[in-house]
Each structure stands twice: as C-alpha cells, then as structure tokens.
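Novice: Sharing a structure, written as structure tokens. Questions coming.
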Amino acid sequence: MADRVLDVTNLTKRFGGFVALDEVNVHLDRGERLGLIGPNGSGKTTLINCISGALFNDDGSVVFNGHDITSMPAHQRAHLGIARSFQIPRPFKSMTVLENLCVPLEYAAWDRADHRHISEQAMEILETVKFADRAHDKSAGLTQVDMRKLELARALAAKPTLLVSDEAMAGLSSSEVDEILEILMVLNQQGVAVIMIEHIMRAVMRYSERIVVLDAGKKIADGTPDEVIHNRDVERAYLGE
C-alpha cells in the first residue's frame with residue numbers, strides 16, 4: 001500500500017434516477033500506466049471527473065497519496081498533484097506556447113515550482129515533449145497534434161503525481177498517435193502515474209500495463225492487456241452476444 005497513489009472505493013454517482021457509476025473500485029500504483037476503456041456511455045468520463053474533482057460522487061471515496069480527497073474541490077486536487085489533459089484543448093490563444101506553460105507553473109504547481117526560474121522550467125517541459133522549437137509561437141495557430149502536445153505540456157507543468165490523459169489521440173493520424181504515445185511514455189518514465197482514456201485500442205494495448213473496463217457504470221474487467229482482450233464480458237460489452 002505504500003506505493004499506492006490512488007484508491008477509488010465503491011464509487012457511486014447518480015444523475016437523477018440514472019446510475020452513472022455503480023460501486024466502482026479502481027486503484028493505481030505509483031508510476032503505473034493504467035488504461036481505462038469501455039463503450040460509449042460506460043462511465044469513463046464520469047469516473048475521471050470524480051477523480052479530478054469536476055464532479056462529486058454520491059457514495060464511496062477517493063484517496064490520493066494517502067489523503068481522502070472525496071470532498072475536495074478540483075483546484076485543491078490539482079495542488080496535490082492530479083493533472084488532467086482534455087480531449088478538446090483550450091489554451092490561452094492570445095499567449096505563446098511558453099506563456100501557456102507559465103500559468104500552471106505559477107498557480108497549479110505554486111508550492112512545487114521554483115518561482116525565480118518559471119520560464120526556464122517551462123522550456124525544460126517543452127523540451128521533454130519535443131516542442132521547444134514552437135515556444136514563442138502563438139497557440140492560436142497550432143495544428144491539432146501540436147495542440148495535443150501543448151495540452152500534455154500544460155498538464156506536466158502542474159508537476160503531477162497522477163496524469164489523466166483524456167483521449168489525447170482522438171482524430172490523429174497513426175504517426176501522430178505514435179508521437180503522443182512517445183510523450184506519454186517519457187512522462188511515465190519521469191515517475192508520473194498515468195490513466196489513459198482512449199478509443200484507439202492499438203494505443204491502449206501498447207501503452208497500458210493494466211486495463212480497467214467499464215460497462216454501464218460497472219467495472220467488468222481489471223487485468224493485463226492480454227487478460228482483458230480475452231475476457232468474455234469485455235467481448236460481450238463491445239460486440240454483443
């Protein structure tokens with residue numbers, strides 16, 4: 001348990017009479033790469049919203065690095081080290097790429113960043129995601145794959161222990177998917193635990209050490225990629241009887 005970074009226990013979330021999550025249990029070890037998959041409407045986004053603080057669950061608990069954060073607002077969870085990248089990036093378009101990174105370094109990571117050298121730290125992050133050559137470009141002119149790189153860089157600027165990558169590869173070409181996978185692998189090698197939500201199964205299978213599968217708000221599988229892909233419940237969820 002000493003290396004456990006996240007414990008989600010009996011998590012339940014309702015929207016009126018609709019049960020979006022039904023007593024879901026998920027754990028994540030420090031530095032682990034976890035894939036989170038399931039058909040549309042299975043509860044994936046609701047789960048990560050409850051982990052990141054965008055939603056509050058009705059029952060159950062979320063424990064991060066030994067701290068019960070179940071009732072904690074999103075900005076406090078970010079300060080503790082939970083970062084999230086979004087499927088649709090929304091950078092500050094009037095700012096340069098570098099300036100976009102200085103914002104989370106100043107605020108989300110204010111207690112973990114060296115405030116005397118914010119720009120230098122931002123450049124180091126851009127070098128990590130192989131984006132330093134675009135540092136002084138305005139973010140409004142970036143391509144789709146470059147926007148995803150900036151989104152991951154902004155998440156990394158929050159100096160997270162846990163990164164939730166929400167469909168960072170949606171709509172990208174095969175070679176662009178490989179670029180994003182390489183960046184996520186580098187982040188993980190730096191000690192960041194990653195939850196990857198992705199519909200591109202090639203990417204999930206290649207990246208994940210373990211995969212959790214949701215269907216209709218319930219966890220139906222939890223295991224290695226090979227175990228999950230041969231699980232009959234998973235086959236039924238995706239392909240039917």
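Novice: Arrange the following residues from fewest to most other Cβ atoms within 10 Å of their Cβ: Y238, Y207.
Specialist: Listing Y238, Y207 from fewest to most nearby Cβ atoms yields Y238, Y207.
Novice: Let me check I have the definition right: for the stretch 144-241, take the eigenvalues of the Cα gyration tensor, multiply each by 5, take square roots. What are those semi-axes in whole Å, largest first?
Specialist: 26, 15, 12
Novice: May I pose another question? Can you find, among I69, V26, T45, the residue farthest towards the positive end of the dipole of the stretch 23-79? Put +1 on the C-beta of Lys and Arg, -1 on that of Asp and Glu.
Specialist: Value: T45.
Novice: Build a GNM of the chain with springs between Cα atoms under 10 Å: which of R202, R77, R30 gets the top mean-square fluctuation?
Specialist: Evaluated over the chain, the most mobile residue of the options is R202.
Novice: Which three numbers, in whole Å and largest first, are the semi-axes of the equivalent ellipsoid of the stretch 18-68 derived from its Cα gyration tensor as √(5λ)?
Specialist: Ellipsoid half-lengths, sorted descending, are 19, 15, 9 Å.
Novice: So, one more: About its Cα centre, how strong a charge dipole does the stretch 60-174 have in debye, to the nearest 20, once Lys and Arg get +1 and Asp and Glu get -1 at the Cβ?
Specialist: Around 200 debye, computed over the stretch 60-174.
Novice: Distance in nm between label sites at R202 and E124, each 7 Å beyond Cα in the beta-carbon direction?
Specialist: Computed distance between label sites R202 and E124 equals 3.5 nm.
Novice: While we're on this one: Using unit Cβ charges (K, R positive; D, E negative) and no other charged atoms, how large, in debye to the nearest 20, is the dipole of the chain about its Cα centre?
Specialist: 440 debye
Novice: Now, a different point. Could you list the residues of the stretch 19-44 with an amide nitrogen less than 19 Å from a label point located 7 Å from the Cα of D226 in the Cα-to-C-beta direction?
Specialist: Counting backbone N atoms under 19 Å from the label point, the list is 33-35.
Novice: Another question, then. At 7 Å along Cα-to-Cβ for each site, give me the label-to-label distance between E209 and D133 in nm.
Specialist: With each label placed 7 Å out from Cα toward Cβ, I get 3.3 nm.
Novice: If packing is taken as the average number of other Cβ atoms within 10 Å across a peptide's residues, how do 42-54, 93-105 rank, most packed first?
Specialist: 42-54, 93-105
Novice: Given the DSSP H assignment, sum -39500 (n - 2.57) over each helix run of at least 4 residues in the chain and divide by its residue total; what's the result at 222 nm in deg cm²/dmol, nearest 500?
Specialist: Here the helix-only value at 222 nm equals -10500 deg cm²/dmol.
Novice: Oh, and also: Between Q76 and A170, what length in nm is gained on full extension when 0.36 nm per residue of separation is reduced by their alpha carbon distance?
Specialist: So the extension gain works out to 31.0 nm.
Novice: Further question: Would you kindly state how much longer the chain becomes between M185 and D58 on full extension, computed as 0.36 nm times their sequence separation minus their alpha carbon distance, in nm to one decimal?
Specialist: Stretched fully, the M185-D58 segment lengthens by 42.3 nm.
Novice: Can you flag which of K159/K218; K44/K219; K44/K93; K44/K159 are past 22 Å Cα-Cα?
Specialist: Those over the limit are K159/K218; K44/K93; K44/K159.
Novice: I need the phi-derived Karplus couplings for the stretch 202-210: 6.51 cos²θ - 1.76 cosθ + 1.60, θ = phi - 60°, integer Hz, Gly and Pro marked x.
Specialist: Values, residue by residue: 4, 5, 4, 5, 6, 8, 7, 7, 8 Hz.
Novice: Per residue of the stretch 40-49, what does 6.51 cos²θ - 1.76 cosθ + 1.60 with θ = phi - 60° give for ³J(HN,Hα)? Whole Hz please, x for Gly and Pro, Karplus curve as stated.
Specialist: Each residue's phi maps through the Karplus curve to give 4, x, 7, x, 4, 5, 4, 4, 6, 5 Hz.
Novice: Quote the charge dipole size of the stretch 127-241 about the Cα centre in Debye, to the nearest 20; the model charges only the Cβ of Lys and Arg (+1) and of Asp and Glu (-1).
Specialist: 300 debye
No value in this document is a laboratory result; all are computed from the given coordinates. Here the structure is a predicted model, which means the values were calculated and not measured. All Cβ positions, glycine included, derive from the backbone under ideal geometry; neighbour counts span all protein chains shown.
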